[in-house]
1. Given +1 on the Cβ of Lys and Arg, -1 on the Cβ of Asp and Glu, and no further charges, what dipole in debye does segment 19-111 carry about its Cα centre, rounded to the nearest 20?
2. Positive end of the dipole of segment 124-207, charges at C-beta (+1 Lys, Arg; -1 Asp, Glu), about the Cα centre: which of His180, Met162, Val199 has its Cα farthest in that direction?
3. So what's the angle, to the nearest 10 degrees on a 0 to 90 scale, between helix 657-675 and the longest Cα principal axis of the chain?
4. Using helices alone, I'd like the mean residue ellipticity at 222 nm for the chain: each DSSP H run of four-plus residues gives -39500 (n - 2.57), total over residue count, nearest 500.
5. Using alpha carbons only, what's the Rg to Rh ratio of segment 405-492 with Rh from Kirkwood?
6. Counting only other residues whose beta carbon sits under 15 Å from that of Leu442, what net charge do I get with K and R as +1, D and E as -1?
7. Percent antiparallel among DSSP beta bridges with both residues in the chain, to the nearest 5?
8. Please go through segment 599-635 and write out the trypsin sites (Lys or Arg not before Pro) that DSSP classes as loop and that have at most 15 other C-beta atoms within 10 Å.
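The values are calculated or read from the model by the stated rules, or taken from the named source; none is laboratory data. Just so you know, these numbers come straight off a predicted model, no measurement behind them. All Cβ positions, glycine included, derive from the backbone under ideal geometry; neighbour counts span all protein chains shown. Note: accessible area is taken over every heavy atom of the protein model, side chains too, but ligands, DNA and RNA are not part of it. Shrake-Rupley method; radii C 1.70, N 1.55, O 1.52, S 1.80 Å.
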Amino acid sequence: QLHYSVPEDRDPGFSVGDLAKDLGVEVRSLAARNLRLVSEGGQRHFQVDLAAGVLLLDSRLDREALCGQSPTCSLHLQLVMENPLQLHRVEVDVLDVNDNAPQFPKPEVLLEITEVANPGTRLPLEVAEDPDMGSNSISTYELSPSKHFALSINVRGDGVKMPEIVLEKALDREKVPVHHLTLTALDGGNPVKSGTARVTIHVLDANDNPPVCDPPISKVLLEENVPVGTLVTKLNVTDLDEGPNGDVEYSFKTSNNAPGKFTKLFSLDARTGEIRTKAPLDYEESSAYEIAVRARDKGSPAMEGHCHLRVELIDINDNSPEIVLTSVSSPVQEDAAPGTVIALIGVKDSDSGDNGQVRLQIAKELPFKLVSSFKEHFSLVTSGPLDREKASGYNITVRAVDSGSPQRATQKTFYLRIADVNDNAPNFSSPFDTAHVQENSLPGTSVFSVSASDPDEGSNAKLSYSILDNGMQDAPISTYFRIDQDNGTIYTVRALDYEQDKVFQVPVEVKDAGSPALSSTAVVHVFVLDENDNAPNIVYPSVPRGSAFHQAIPALAEPGYLVTKIVAVDADSGHNAWLSYQLQESAEALPFQVERRSGEIRVAQALRESEDSHRLVVEVRDNGTPSLSASVVIVISPEENSMQDFSKSLDLPQPSSEDTNLTLYLIISLVSISLV
């Protein structure tokens, strides 16, 4: 970017700057590179001399027309060169020159003053205007020499100089009824320029005391937002005259060219001089107002005084803080590390001073904290561990409180969702369960349903069940049972045999679908319930099927004589293995009976000598439902002198290894059931 300056009074063709030198290019290359000038403002004030490589003024500049009363005045241009294409920005400062003379609003000013006016009486004059800025603006005023009048210059609050004509010597209307003066306004330029106005002062008779404002310049402090109609001040104006000459009327003093804004906000009682508000006052819009009041009496001619009042507003805390959520990261993982940024929060308050100082707060019990990033900007970060299973989300209320009195506060609430991670293993309702299943049940029979829960959510809580092989059975446990992986129901794979396996330990594993997957196990003890599926087995007497057992007894055996004993066993258990013995009914009455529980066959009545052998059918029946039975045929033959030692003849067979194993299994089952 190139920067030049040019005074506003230079003629067209004036060299503003050496473009070729400042751009670092040769003059002869400018035409070949098609150097051209583009004005950003739409008006063409400059041109480029390609032969000399300089920026020339194309038209005469008027700073006041271009920039008005702005302290600075700059014109922006763009230089475009091709081969290669380049763009340069040129900023030209238009320097103010003293090309405008001060000028009064009116070329002639008519004033009136009573002949009895006291020395020191002031006659305000209108302020001259000068479009130039800085030192070239109005510097001072001068008044043509006079025996009676002198010039006084007061400086207003905004720095504007206000001329007043001051009476220095008493007047005599009879000697000089009219005074002609010349008021000159001088600027600070070089050379100095000036403007004049003719001042004609008519000396009037009678009303010789003007209204006097005490003090002439005053200041009032007033809080913003006071109710409309609030009394600002009551002007203290005195007029030593009596009657109409001392009756004062008040009015705002404004300029026709620039009417005061204060007239829209304040009202003036023309009779009492009370100034009141007539619209709300806002410190943020303007912190002070300059009010000029004219006090005029009703004399003839009327006399007037002038009061200047500066109203300074006191800021009150009338604006609540404003919270701006710049960014919110939701959801946030529950395993987020402390210090993780959750949200960016901005805050602002239109008030000033302590009223505009804002601090942010959140609830202390939340696992979050606020960290100041820079002025009026904060970060919400985690301050502790998060657990979605305890809190799946948080309603976070951010409260902004200013430092005013009374304090004003604003709060904003937003919801932060906590995203789940797989940090909880599935959990069975019980690590050990007991189930019962009837033996010989069809494959696919439902045995038991295990239940597990996982406090996680989504895929982390999707559970699948499986059976583990514990190696406790001869065959893998999966050949006996299967499990529905979705609902945890255990089914039989084949029919179970109580006499072979009375209890199973089924280890069940549940696993979630998280990554990595978590699991836990439980054991289900499945007890096989006995079914009456085994008929009694007669082990004594042992005879082939279809044959009979022959037993000889003494012919004179007495009633109660033990003939023999039937011994039977049942592979079932419990009620299904409770055996009872009985004789099948026959056509003839038999002199024998069978003990129901022991199976002993005894003589029931004395035998006759001529009796032949007897054929008995002994039935052994269990107590199951339905009941199963077995029978044996015994032929009893009475013989003379037959004395048999039944204890010897009762040759019971020794228990087989199979019967021994059966007894062992029964003992193991009883012990296992007792332990469970």
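1. 280 debye
2. Final value for the positive-end residue is His180.
3. Taking the Cα atoms of the chain, the angle to 657-675 is about 40 degrees.
4. Details: 5 runs with 38 residues, N = 676.
My calculation for the chain gives -1500 deg cm²/dmol from helical runs alone.
5. Radius of gyration relative to Kirkwood radius: 1.37.
6. Net charge in that neighbourhood comes out at -2.
7. Close to 80 percent.
8. Details: sites: Arg602, Arg608, Arg615, Arg621; in loops: Arg608.
The qualifying sites are Arg608.
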